[in-house]
Amino acid sequence: HNRVLMARCDYLNGLGIVSLQYTADNGTDFTVGMMPEAQFCGGGEKSLQGIFYNPNIPTEECFISPKRGVAEGIVYATKPLSYQGQLIEGFSIRFAGGKAVEVHAEKNEELLKTMISMDEGAATLVDVTAACHLALGMGFADTIRDFQNKTLEECRSYGVNDSMIHEDFMIGCDSMNIDAHTRDGKVVPIFRNGNWAF
(Lines give C-alpha, C1' and ligand atoms only; values in the text may rest on other atoms or scores of the structure.)
Protein backbone atom coordinates (compact mmCIF):
# COMPACT_ATOMS: atom_id res chain seq x y z
CA HIS A 1 0.00 0.00 0.00
CA ASN A 2 2.84 2.38 0.83
CA ARG A 3 4.48 1.59 -2.52
CA VAL A 4 1.26 2.43 -4.39
CA LEU A 5 0.90 5.75 -2.56
CA MET A 6 4.56 6.59 -3.14
CA ALA A 7 4.19 5.83 -6.86
CA ARG A 8 1.25 8.24 -7.00
CA CYS A 9 3.27 10.91 -5.18
CA ASP A 10 6.21 10.39 -7.53
CA TYR A 11 3.92 10.81 -10.54
CA LEU A 12 2.40 14.00 -9.14
CA ASN A 13 5.82 15.38 -8.20
CA GLY A 14 7.06 14.77 -11.74
CA LEU A 15 4.34 16.87 -13.36
CA GLY A 16 5.64 20.31 -12.40
CA ILE A 17 2.27 21.41 -11.04
CA VAL A 18 1.65 25.15 -10.83
CA SER A 19 -1.96 24.90 -9.64
CA LEU A 20 -4.77 22.43 -9.00
CA GLN A 21 -8.34 23.12 -10.09
CA TYR A 22 -11.24 21.42 -8.32
CA THR A 23 -14.76 21.24 -9.77
CA ALA A 24 -17.86 19.30 -8.74
CA ASP A 25 -21.59 19.25 -9.44
CA ASN A 26 -22.33 20.67 -5.97
CA GLY A 27 -20.84 24.05 -6.99
CA THR A 28 -17.20 23.59 -5.98
CA ASP A 29 -15.06 25.61 -8.39
CA PHE A 30 -11.71 26.28 -6.80
CA THR A 31 -8.08 26.77 -7.83
CA VAL A 32 -5.06 26.64 -5.52
CA GLY A 33 -1.40 27.41 -6.28
CA MET A 34 1.60 25.21 -5.55
CA MET A 35 5.07 26.13 -4.24
CA PRO A 36 7.85 25.06 -6.64
CA GLU A 37 9.79 23.84 -3.58
CA ALA A 38 6.95 21.63 -2.31
CA GLN A 39 6.32 17.96 -2.93
CA PHE A 40 3.46 15.51 -2.50
CA CYS A 41 3.95 13.13 0.42
CA GLY A 42 1.93 10.12 1.47
CA GLY A 43 1.96 6.71 3.09
CA GLY A 44 5.08 5.99 5.10
CA GLU A 45 7.68 8.55 6.10
CA LYS A 46 11.14 8.58 7.65
CA SER A 47 11.66 10.35 10.93
CA LEU A 48 14.58 12.74 11.33
CA GLN A 49 16.36 9.78 12.97
CA GLY A 50 15.88 7.72 9.78
CA ILE A 51 13.15 5.43 11.17
CA PHE A 52 10.41 4.44 8.70
CA TYR A 53 6.89 4.75 10.09
CA ASN A 54 3.27 5.34 9.11
CA PRO A 55 1.92 8.53 10.72
CA ASN A 56 -1.69 7.74 9.77
CA ILE A 57 -3.24 4.26 9.85
CA PRO A 58 -5.14 3.57 7.73
CA THR A 59 -3.48 6.01 5.35
CA GLU A 60 -4.91 7.01 1.99
CA GLU A 61 -3.46 10.48 1.61
CA CYS A 62 -1.24 12.03 -1.00
CA PHE A 63 -0.89 15.55 0.38
CA ILE A 64 0.98 18.79 -0.20
CA SER A 65 1.06 22.22 1.42
CA PRO A 66 -0.02 24.76 -1.20
CA LYS A 67 1.41 28.25 -1.58
CA ARG A 68 0.16 30.67 1.04
CA GLY A 69 -1.91 33.44 -0.53
CA VAL A 70 -2.82 31.61 -3.78
CA ALA A 71 -6.36 30.21 -3.61
CA GLU A 72 -9.44 31.41 -5.49
CA GLY A 73 -13.02 30.21 -5.75
CA ILE A 74 -15.51 28.30 -3.65
CA VAL A 75 -15.56 24.85 -2.06
CA TYR A 76 -18.54 23.01 -0.63
CA ALA A 77 -17.99 20.61 2.26
CA THR A 78 -19.44 17.15 1.73
CA LYS A 79 -19.25 16.02 5.38
CA PRO A 80 -19.85 17.83 8.68
CA LEU A 81 -16.82 19.30 10.46
CA SER A 82 -16.46 18.53 14.17
CA TYR A 83 -14.93 21.54 15.91
CA GLN A 84 -14.78 22.15 19.66
CA GLY A 85 -17.29 19.37 20.24
CA GLN A 86 -19.88 20.78 17.84
CA LEU A 87 -20.77 19.91 14.25
CA ILE A 88 -20.57 22.52 11.50
CA GLU A 89 -22.86 21.27 8.74
CA GLY A 90 -23.76 22.16 5.16
CA PHE A 91 -21.01 24.72 4.77
CA SER A 92 -19.12 26.44 1.98
CA ILE A 93 -16.00 28.60 1.98
CA ARG A 94 -15.13 31.20 -0.66
CA PHE A 95 -11.46 32.08 -1.11
CA ALA A 96 -9.91 35.20 -2.63
CA GLY A 97 -6.24 36.11 -2.54
CA GLY A 98 -5.55 32.88 -0.68
CA LYS A 99 -7.85 33.62 2.28
CA ALA A 100 -11.32 32.52 3.29
CA VAL A 101 -13.33 35.68 2.70
CA GLU A 102 -16.89 34.34 2.95
CA VAL A 103 -18.39 31.36 4.77
CA HIS A 104 -21.89 29.99 5.01
CA ALA A 105 -23.19 27.06 7.04
CA GLU A 106 -26.60 25.53 7.58
CA LYS A 107 -25.60 24.75 11.17
CA ASN A 108 -23.07 26.56 13.42
CA GLU A 109 -22.06 29.27 10.95
CA GLU A 110 -20.85 31.53 13.76
CA LEU A 111 -18.57 28.76 15.03
CA LEU A 112 -17.07 28.45 11.53
CA LYS A 113 -16.49 32.20 11.44
CA THR A 114 -14.83 32.02 14.86
CA MET A 115 -12.56 29.22 13.68
CA ILE A 116 -11.25 31.10 10.65
CA SER A 117 -10.66 34.25 12.70
CA MET A 118 -8.46 32.52 15.34
CA ASP A 119 -5.31 34.17 13.98
CA GLU A 120 -3.87 35.63 10.77
CA GLY A 121 -3.19 32.20 9.25
CA ALA A 122 -6.42 30.46 10.26
CA ALA A 123 -8.32 31.61 7.17
CA THR A 124 -5.58 30.35 4.85
CA LEU A 125 -5.63 27.06 3.01
CA VAL A 126 -2.72 24.87 4.11
CA ASP A 127 -3.25 21.30 2.96
CA VAL A 128 -4.38 19.86 -0.34
CA THR A 129 -5.04 16.15 -0.39
CA ALA A 130 -5.91 13.81 -3.19
CA ALA A 131 -8.22 12.00 -0.75
CA CYS A 132 -10.33 15.14 -1.37
CA HIS A 133 -10.10 17.13 1.76
CA LEU A 134 -8.59 20.53 2.43
CA ALA A 135 -7.30 22.08 5.64
CA LEU A 136 -7.27 25.57 7.06
CA GLY A 137 -4.43 26.88 9.21
CA MET A 138 -0.95 25.42 9.86
CA GLY A 139 0.95 24.01 6.87
CA PHE A 140 3.45 21.15 6.90
CA ALA A 141 7.11 22.13 6.60
CA ASP A 142 8.00 18.52 5.75
CA THR A 143 6.32 18.91 2.35
CA ILE A 144 9.26 21.14 1.31
CA ARG A 145 11.96 19.23 -0.55
CA ASP A 146 15.04 18.65 1.64
CA PHE A 147 13.20 20.17 4.63
CA GLN A 148 15.58 18.38 7.02
CA ASN A 149 18.34 20.79 5.95
CA LYS A 150 16.21 23.93 6.15
CA THR A 151 15.03 26.05 9.05
CA LEU A 152 11.34 26.50 9.77
CA GLU A 153 11.77 30.16 8.79
CA GLU A 154 13.13 29.09 5.37
CA CYS A 155 10.15 26.78 4.84
CA ARG A 156 7.77 29.59 5.81
CA SER A 157 9.53 31.91 3.33
CA TYR A 158 8.61 29.55 0.48
CA GLY A 159 4.93 29.89 1.41
CA VAL A 160 4.18 27.31 4.14
CA ASN A 161 1.42 28.81 6.27
CA ASP A 162 1.63 29.40 10.03
CA SER A 163 -1.35 29.23 12.39
CA MET A 164 -2.47 27.84 15.75
CA ILE A 165 -5.06 25.64 14.00
CA HIS A 166 -5.04 22.86 11.40
CA GLU A 167 -8.60 21.85 10.58
CA ASP A 168 -9.42 19.32 7.84
CA PHE A 169 -12.74 19.42 6.02
CA MET A 170 -14.03 17.04 3.38
CA ILE A 171 -14.87 18.15 -0.16
CA GLY A 172 -14.76 14.79 -1.98
CA CYS A 173 -17.82 13.54 -3.85
CA ASP A 174 -18.72 11.32 -6.79
CA SER A 175 -18.56 14.23 -9.22
CA MET A 176 -15.22 15.66 -8.03
CA ASN A 177 -12.77 16.40 -10.83
CA ILE A 178 -9.24 17.72 -10.25
CA ASP A 179 -6.98 19.05 -13.01
CA ALA A 180 -3.31 19.93 -12.63
CA HIS A 181 -2.02 22.94 -14.54
CA THR A 182 1.69 22.39 -15.17
CA ARG A 183 4.72 24.60 -15.80
CA ASP A 184 4.84 23.51 -19.44
CA GLY A 185 1.25 24.60 -20.06
CA LYS A 186 -0.45 21.20 -19.93
CA VAL A 187 -3.70 20.36 -18.17
CA VAL A 188 -3.41 16.88 -16.66
CA PRO A 189 -6.41 15.04 -15.16
CA ILE A 190 -5.73 13.95 -11.57
CA PHE A 191 -9.25 12.99 -10.41
CA ARG A 192 -12.29 12.10 -12.46
CA ASN A 193 -15.69 11.43 -10.88
CA GLY A 194 -14.27 11.20 -7.37
CA ASN A 195 -11.38 8.85 -8.10
CA TRP A 196 -7.84 8.80 -9.43
CA ALA A 197 -7.51 9.49 -13.15
CA PHE A 198 -4.12 7.73 -13.43
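The values are calculated or read from the model by the stated rules, or taken from the named source; none is laboratory data. What you see is a predicted model; the values in this text were computed from it and never measured. When we count neighbours, we look across all protein chains shown, and the Cβ atoms used for this are built from the backbone with ideal geometry, even at glycine. Quick note on the areas: whole protein, heavy atoms, side chains included, nothing else; ligands and nucleic acids left out. Shrake-Rupley method; radii C 1.70, N 1.55, O 1.52, S 1.80 Å.
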- Most mobile of Ile57, Ile88, Ile144 in a GNM of the chain (Cα contacts under 10 Å): Ile57
- Where a ≥ b ≥ c are root eigenvalues of the Cα gyration tensor, a/c under 1.5 meaning rounded, otherwise prolate if a/b exceeds b/c and oblate otherwise, the stretch 1-86 counts as oblate
- Query: Residue by residue through the stretch 5-11, which ³J(HN,Hα) values in whole Hz follow from phi under the Karplus form 6.51 cos²θ - 1.76 cosθ + 1.60 (θ = phi - 60°), with glycine and proline marked x?
  - Reply: 5, 5, 5, 5, 4, 4, 4
- Quick one: what are the phi-derived ³J(HN,Hα) couplings along the stretch 19-29, Karplus 6.51/-1.76/1.60 with θ = phi - 60°, whole Hz, x for glycine and proline? 7, 10, 10, 10, 9, 7, 5, 7, x, 4, 8
- Message: Leaving out ligands, DNA and RNA, and with a 1.4 Å probe, what % of the accessible surface on the chain is carbon or sulfur?
- Response: 51
- Task: Determine which lysines satisfy two conditions relative to Lys107: a Cα distance under 24 Å, and not lying fewer than 8 residues away in the same chain.
- Result: Lys79, Lys99
- Non-local residues with an amide H under 5 Å from the amide H of Lys107, with H modelled 1.01 Å from N and Pro and chain starts lacking one, are Glu89
- Item | Backbone HN-Hα couplings from phi across the stretch 140-151 [Karplus 6.51/-1.76/1.60, Hz, Gly and Pro as x] | 9, 5, 6, 8, 7, 4, 6, 4, 4, 9, 10, 7
- Unit charges at the beta carbon, dipole of the stretch 1-107: most positive-side option, Ile64, Phe95, Ala105: Ile64
- Using eta = 0.890 mPa s and T = 25 °C, Stokes-Einstein with Kirkwood Rh from Cα pairs puts D for the stretch 110-198, in µm² s⁻¹, at 166
- Message: In Å, what Kirkwood hydrodynamic radius results for the chain from the alpha-carbon pair distances?
- Response: 17.1
- Taking the Cα centre of the stretch 59-98 as origin, work out the dipole magnitude from +1 charges on Lys and Arg Cβ and -1 charges on Asp and Glu Cβ, in debye rounded to 20. 180
- In debye, nearest 20: dipole of the chain around its Cα centre with unit charges on the Cβ of K, R (+) and D, E (-)? 440
- Gyration tensor on Cα atoms of the stretch 41-151, a ≥ b ≥ c root eigenvalues, a/c under 1.5 rounded, else prolate if a/b beats b/c, else oblate, says prolate
